[in-house]
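The values are calculated or read from the model by the stated rules, or taken from the named source; none is laboratory data. None of the values given here were measured: they were computed from a predicted structure. When we count neighbours, we look across all protein chains shown, and the Cβ atoms used for this are built from the backbone with ideal geometry, even at glycine. When the accessible area is computed, the model is the full protein with side chains, heavy atoms only, and any ligands, DNA or RNA have been set aside. Shrake-Rupley method; radii C 1.70, N 1.55, O 1.52, S 1.80 Å.
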Amino acid sequence: MPVEVEVDVGSGLPGFSIVGLPDTAVQEARERVKVAITNSGYKFPTRKVIVNLAPANLRKEGPAFDLPIALAVLAASGVVPPGSLAGSGIVGELSLDGGLRGVRGALSFSEGVDREGLRRLVVPRENAAEAASAGKVDVHGVGNLGEAVDLFRDGEPEPTYPAGSRPEESPAAVEPSPDDFADVAGQGYAKRALEVTAAGGHNVLLSGPPGSGKTMLGRRLPGILPPLTLAESIEVTKVYSSAGESNGALVKRRPFRAPHHTISTAGLAGGGSNPRPGEVSLAHHGVLFLDEFPEFSRGSLEVLRGPLEDGHVTISRVAASVTYPARTTLVCSMNPCPCGYAGDRRKACRCSAGQIERYQSRISGPLLDRVDIFVDVPRLTREELRSGEAAEPSEAVRGRVAEAREAQTARQGAPNAALSGRPLREFCALRGDSEALLSRAIDRMGLSGRGHDRILRVARTVADLAGKEEIAAEHVAEALNYRRSATFDL
């Protein structure tokens, strides 16, 4: 949101005041700005200086106001031509020697400057490449206060990145993930399920005894996802930048977030007194991997229900409401019981029926209803472990997944997991045997409306992987098979 910095240098006792609902970091700018101006070789006014950050009803947070306040003070003192600041967006944190440190949200600042019709953006040099990624406005990267003053004295200096230029190439050229499906012995059924997961952007739950390869499989899912498009890369970079996790360039890899099960609700979904994106938003257009799924607190898991359904998180506070994107692929792994060996063919389970029921009931039915694919991952046999047979590499799987995603983009502009309403009925229409099969399954499996829709989406993805326009009975049958689980009574 645009904030206008107004400065008045008037008569009265010398002083420096900042008004306009500033937080502590903005109030502390008085000392940083004063010392930075002096150490940069300029004279700070020995008069009464009042800085107003308008609009006054919007709370101002963070150190990004240092540079615009300093330049406005120098303009009011006659050091910088006041008219030269017009039409410019300026952000930056000052150090005491006049140097500039990077700020969070540079890419969002760039888009905001363009939206407000301003002609250029002045940012710290380390943020220039990120701010220019949108390619919409002239971006000037400066290293210290003196360079910023010279920039506005020069009239029309050459921008570091002119509008329309991007410092980065498309993220499609990024190197593939080092975690390869070829490293996983056996588990052909689980690999196929993850291929369907990647092709349609579906949520998946892997269940099995310890050492069966659940975590290994989950961590290799990003390696079969198609590369980020430039638009997706910009979206992801905006989220990372607002969280302070950007390295100053476009995010090129699909995010993979694997928080520990002790994470708080705010850490998972986002929040805090000054709202920041949580793990579900940092996994936007990527993978959110929750290992040891039942060990997460019930409250933390329940806040995922909205983001998994809507694709965004809204955090409401007294001062404002903030919405972060959260279109992620959820991958969960868990043991079937507290000891981990319920249903295992080679090791007996020590848990009672009550213990198993209490363990599995940590995950609510409404949350399970938002999972598209359930996969039982058994322990490998000796022959599978020692076979030495070469497994299919991730690159080959990624090729099929990319073709399926391209078909979905051409057809409906989004992955199948996002289909709902009229597009779902139009693109997932069933006929003949496939319609009869699903009708019987609804009665026998007691599917909810959400479960019915998820089977349609998965069946559509299976058909896309097969290169078929219509959903056949075998595609529905595979989708129905993914709703069966030895762990949960679905």
Flag for residue 249 being out of contact with any Phe, Trp or Tyr (no Cβ under 7 Å at 6 or more places or on another chain), in a loop (DSSP other than H, G, I, E, B) and of a type in the set (A, V, I, L, M) = yes
If you check residue 422 against the conditions, is it free of Cβ contacts under 8 Å to residues at least 60 places away in the same chain, within 25 Å of residue 309 (Cβ to Cβ) and open to solvent by 60 Å² or more (accessible area, probe 1.4 Å)?
-> yes
Quick check: anything in the range 395-415 open to solvent by less than 30 Å² (accessible area, probe 1.4 Å), polar (S, T, N, Q) and modelled with pLDDT under 90?
-> no
Look at the range 452-477 and say how many of its residues are in a helix (DSSP H, G or I), more than 17 Å from residue 421 (Cβ to Cβ) and in contact (Cβ under 8 Å) with a residue 40 or more places away in the chain.
-> 9
Options 448, 439, 434; residue that is closer than 24 Å to residue 311 by Cα and either among the polar types (S, T, N, Q) or in contact (Cβ under 8 Å) with a residue 12 or more places away in the chain (or both) = 448
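A quick yes/no check of all residues on (1) open to solvent by 30 Å² or more (accessible area, probe 1.4 Å); (2) within 25 Å of the chain's Cα centre (by Cα); (3) aromatic (Phe, Trp, Tyr):
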{"position": "294", "(1), (2), (3)": "no, yes, no"}
{"position": "298", "(1), (2), (3)": "yes, yes, no"}
{"position": "322", "(1), (2), (3)": "yes, yes, no"}
{"position": "325", "(1), (2), (3)": "yes, yes, no"}
{"position": "335", "(1), (2), (3)": "no, no, no"}
{"position": "340", "(1), (2), (3)": "no, no, no"}
Cβ-Cβ under 9 Å pairs, at least 6 apart or on other chains, the range 91-110 side of a type in the set (Asp, Glu), far side surrounded by 24 or more Cβ atoms within 10 Å (Cβ to Cβ) | 93/29; 93/64; 93/65; 93/66; 93/67; 93/100; 93/124; 97/36
Find all pairs meeting these conditions: Cβ atoms under 7 angstrom apart; at least six residues apart or on different chains; first residue within the range 260-286 and in the same structural domain as residue 234 (by TED's automatic domain parsing) and within 13 Å of residue 322 (Cα to Cα); second residue charged (D, E, K, R) and open to solvent by 30 Å² or more (accessible area, probe 1.4 Å).
-> 270/276; 274/61; 275/317
Which one is modelled with the lowest pLDDT among residues in the range 232-245 that are open to solvent by 10 Å² or more (accessible area, probe 1.4 Å) and either farther than 24 Å from residue 331 by Cβ or in contact with a strand residue (DSSP E or B) (Cβ under 7 Å, 6 or more places away or on another chain) (or both)?
-> 244
Counting only residues that are assigned to a loop (DSSP other than H, G, I, E, B) and either in contact with a helix residue (DSSP H, G or I) (Cβ under 6 Å, 6 or more places away or on another chain) or of a type in the set (Val, Ile, Thr) (or both), how many does the range 1-16 have?
-> 1
Only one of 212, 273 that is over 25 Å from residue 461 (Cα atoms), hydroxyl-bearing (Ser, Thr, Tyr), open to solvent by less than 10 Å² (accessible area, probe 1.4 Å) and over 16 Å from the mean Cα position of the chain (by Cα) | 212
Name the pairs: first residue in the range 354-376 and buried (at least 18 other Cβ atoms within 10 Å of the Cβ), second residue among the polar types (S, T, N, Q) and in a strand (DSSP E or B), Cβ to Cβ under 6 Å, at least 6 apart or on different chains?
-> 376/207
Could you tell me which numbered condition residue 228 fails, if it satisfies all but one of (1) under 30 Å from residue 348 (Cα atoms); (2) outside any helix (DSSP H, G or I); (3) open to solvent by less than 10 Å² (accessible area, probe 1.4 Å)?
-> (1)
Residue list for the range 17-44, restricted to those being touching a helix residue (DSSP H, G or I) at 6+ places or on another chain (Cβ under 7 Å), open to solvent by less than 30 Å² (accessible area, probe 1.4 Å) and not in a helix (DSSP H, G or I) = 18, 44
